[in-house]
Each structure stands twice: as C-alpha cells, then as structure tokens.
Amino acid sequence: MDSKIALLKEEFSAELKKAENTADLEAIRVKYLGKKGSVTDLLKEMRDLSVEEKKAFGQKVNELKAEVADAIAARTTELKELEVLKEIESMPEFDVSMPANITEGSYHPVTLVQRQCEQIFKTMGFNVEDYSEIVTDYECFEALNIPKHHPARDMQDTYYLTNGQLLKTHTSAAQNAIYKKYRDALINDNVPIKAIFPGRCFRNEATDACHENTFFQMEGVMVDKDISISNLIYFMKTMLSEVFQKDLKVRLRPGFFPFVEPGFELDISCLICGGEGCPSCKHSGWLELCPCGMIHPEVLKAGGIDPEEYSGFAFGLGLTRLVMMKYGIKDIRDLNSGSLKVLSQFTDDE
Ligand code: FA5
C-alpha cells in the first residue's frame, strides 16, 4: 500500500510540472481528487484491511489528499499570475504621463450665470460672500424670525444631520452672519452693508419641471440709513435687464416671508412659452424668480443692528430658475443630470 501511495505521488508531481494552464490543473484535480480519481480509488482498497491497518492507511490517504489539493492550489496561483503577466506584456505601451484624450470641459450654466450676476452686483458696490451648505437651525430659521414650530418651516423641509445641523434650505441662512460681519463698519464708519451670497440649497421636495431638491439661489442684502422699497426695485430691475440684455415683463405682488416686512414675490413673464403657460411655469405664464422685501426689524436686531436707526432690503433670487429662463431650459432636472449632451452646449461667450 505504501508503495502505491509513493507511486501516485511521483506520478502526480510529474503531471503537475507539465501543467501549462489552469485548464490543465483542473483536469489533474479531477484525475486525482475527483469521485473516480486515483486518490479516491485508494480508499476503496481499504475494504480488505484489518481495523488497525485501515486506521493507519486512511490517515496516510487523507494526508496525500491534502498534499495534492495544496499543491494544485499553489500551482493555480502561480499559473494565474503568469497568465496576468502575459496579458500585460501583450498590451500596447501605455504612457501615464500623456494628456488624456478627452473633450475640453466647459462651465456649468449655473456657474456662468452666477458669475455674470456677481459681476453685475460688484459694479454696483456689492461684496460677494461665500457661505457653508451645512448650517445651524438658528441660522436657517431662528435668526430669520422663524421660531420652532412656526408654520413657515413646513415650506422648507430639509435634510437634518444627527448633530442637529441641517442642509440649508435657502441662502437667507447666511444673513445673520453677514450682518454680524459688517455691522461694525456700518455703525462706526457709516459703510452700508451691501452683499450678495450665492449658494446651493436643499429641500425635501417633490421634483417637477421647475422644482429640484438641490438648486441654487443668490441672496442679496443692503442695509443703511433710509433704505426703501425704491432701492430694492431699482437693484432688481438693473440686475434682470443686465442678465437678459433686454427689458423684461415683471410683476411684484405681496408675498409672506417671516424675515421681511413688507414682503414681495417678484415674478417674470415665462420666457419659455412667452407668457402663454407651460409646464416650466406651471401653466401660469409667470415664473416666481425673486422673492424680496424690507428686512424685518427682528432680523436686524438678531444681527446686532438697531432697526430704529437702520433699514434694509433683502432678496432671494432663484438662480437655477434664472438659468432656465436665460437659456430656454424647459426642465430644471436637466441641470443636475450630469448629461454632457445638455451641459456642453453652454460656453463662456453666451
Ligand atoms: C426663499 O427661499 C426666501 N429665502 C427668499 C427671500 C429672501 C425672500 C430674502 C425675502 C427676502 P422661496 O422659497 O420662495 O423663498 O425661494 C426663493 C426662490 O428660489 C424661488 O422663487 C425659486 O426661484 C427658487 N426655488 C425655491 N424652491 C425651489 C426648488 N425646489 N427648485 C428650484 N428653485 C427653487
């Protein structure tokens, strides 16, 4: 019996050496370890042995089985590595330092219009501010005269983090920080606060042609002595005629926002349908573009500014909607689609 095992080992080693690929190895595995394989056959021969002999021989066969399986596994790894190396060698030379052969990128249309708006407001003496996308409940609501449980919060459901912070629902969330940043210059040096702050906003919304869960707004505030609604209307009109390079049909109607008093909705006649009504304007012919109003005294107070002495206006331009109107984009969702077919149509020159 021992000689049979020794013979099988020798035969197996010779065949293993000859194996050239993983298919050969599989054939060897079946030949030795398969149901009808040589090693399995050895076990069948134990029938005629005594109990003691069976025990000793069984152990040896099991050792042989493990040895054969290990040797096949090791050789499989070796051959697989060789196969990969062969494949790499057969590949054409690849120079990782070569510039990628891809189409030149272009700015996202929101970036283009945002920059254009920034430029327009800069020429009118406004600072451009950046602000975080994750804010506190105080910044997004409380400082804007929207206490906890105020019904206005229902309109702006958002995504909350476990630490109580949230993804900002509107760029108004930066107002408080802006007032605090500039109030000393206003009070001590009579420098009016004039700032715009564009940013990404998030809302838990049902999406449609004019609503997205992630969109851009651009907030603007101006605070000084004797600021009135006339100032607000002047800046809004100037901005829109500069962006569109033509006079637009606009309408101002009362609108409620807890952080302005009085508050307005500034709508523009839908440029997609020419005011006829379409899905982009919810078939009304008008598109809500820029709510605005005179900053509420409580909001000024929260920013450390005395409302008896100073007044101001604020507006919250729907930047993504402005982009839709400027470029005739019918569905807001195209702007977040990442589709190059849609987005690469827009360039700096437009
Ligand atoms: C606000 O967010 C107020 N913070 C605006 C404001 C600022 C009012 C300062 C007064 C003073 P509203 O929820 O209406 O308001 O959004 C403002 C604009 O953002 C809308 O007119 C619209 O153009 C745009 N907008 C709002 N929700 C969406 C949305 N889901 N998808 C795309 N644009 C949106």
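No lab work stands behind these numbers, since they all come straight from the coordinates. Keep in mind the model is a prediction, meaning the values are calculated, not measured. Counting neighbours? That spans all protein chains shown, and the Cβs are built from the backbone with ideal geometry, glycine included.
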Requested in this report: Check cross-link reach from Lys341 to the lysines: straight Cα distance under 17 Å, and skip same-chain residues fewer than eight apart.
Outcome: Lys330
Query raised in the report: For labels at Ala27 and Val128 in the simple 7 Å Cα→Cβ model, what's the distance in nm?
Result: 7.1 nm
Requested in this report: For a quick protection proxy, order the peptides 50-56, 196-202 by their average other-Cβ count within 10 Å, most packed first.
Outcome: 196-202, 50-56
Query raised in the report: aspartates and glutamates near Lys9 by alpha-carbon distance under 16 Å, same-chain residues fewer than 8 away left out - which ones?
Result: Asp41, Glu63, Glu67, Asp70
Query raised in the report: Tilt of helix 51-90 relative to the longest C-alpha principal axis of the chain, in degrees (0 to 90, nearest 10)?
Result: 50 degrees
Requested in this report: Just order 319-326, 299-306 by mean Cβ neighbour count inside 10 Å, highest at the front, would you?
Outcome: 319-326, 299-306
Requested in this report: Express as a percent, rounded to the nearest 5, the fraction of DSSP beta bridges in the chain (both residues included) that run antiparallel.
Outcome: 95 percent
Query raised in the report: Tell me, what ³J(HN,Hα) does each residue in the stretch 238-243 have, in order and in whole Hz, if you take phi through Karplus 6.51 cos²θ - 1.76 cosθ + 1.60 with θ = phi - 60° and put x for Gly and Pro?
Result: 4, 4, 5, 6, 5, 5
Query raised in the report: Counting pairs of alpha carbon atoms under 8 Å apart in space and at least six apart in sequence, what relative contact order in percent does the stretch 109-336 give?
Result: 22 percent
Report summary line: For the pair Lys60 and Glu308, the simple spin-label estimate (label points 7 Å beyond Cα toward Cβ) gives in nm 11.0 nm
Query raised in the report: Alpha carbon centre of the stretch 228-278 versus the stretch 1-43: separation in Å?
Result: 85 Å
Query - In sequence order, calculated HN-Hα J values of the stretch 127-140 (Karplus, 6.51, -1.76, 1.60; Hz; x Gly/Pro) - result: 7, 9, 10, 10, 8, 5, 8, 9, 10, 8, 4, 4, 5, 7
Query raised in the report: Quick one: helix 175-189 against the long Cα principal axis of the chain, what's the angle to the nearest 10°, folded into 0 to 90?
Result: 40 degrees
Query raised in the report: Using 20 Å as the cut-off for backbone N distance, which residues of the stretch 184-219 belong to the label zone defined by a point 7 Å from the Cα of Ser337 along Cα→Cβ?
Result: 206-216
**Report entry** When the chain is reduced to its Cα atoms, the Kirkwood hydrodynamic radius in Å
**Finding:** 26.2 Å
Requested in this report: Among the lysines, select those whose C-alpha is under 28 Å from the C-alpha of Lys4, and discard any that sit fewer than 8 residues away in the same chain.
Outcome: Lys17, Lys18, Lys31, Lys35, Lys36, Lys44, Lys54, Lys55, Lys60, Lys65
Query raised in the report: Asn127's amide H: which non-local residues (gap 5+, or another chain) put their own amide H closer than 5 Å, with H modeled 1.01 Å from N in plane and none for Pro or chain starts?
Result: Lys194, Ala195, Ile196
**Report entry** Fewest-first ranking of Leu266, Leu79, using other Cβ atoms within 10 Å as the exposure measure
**Finding:** Leu79, Leu266
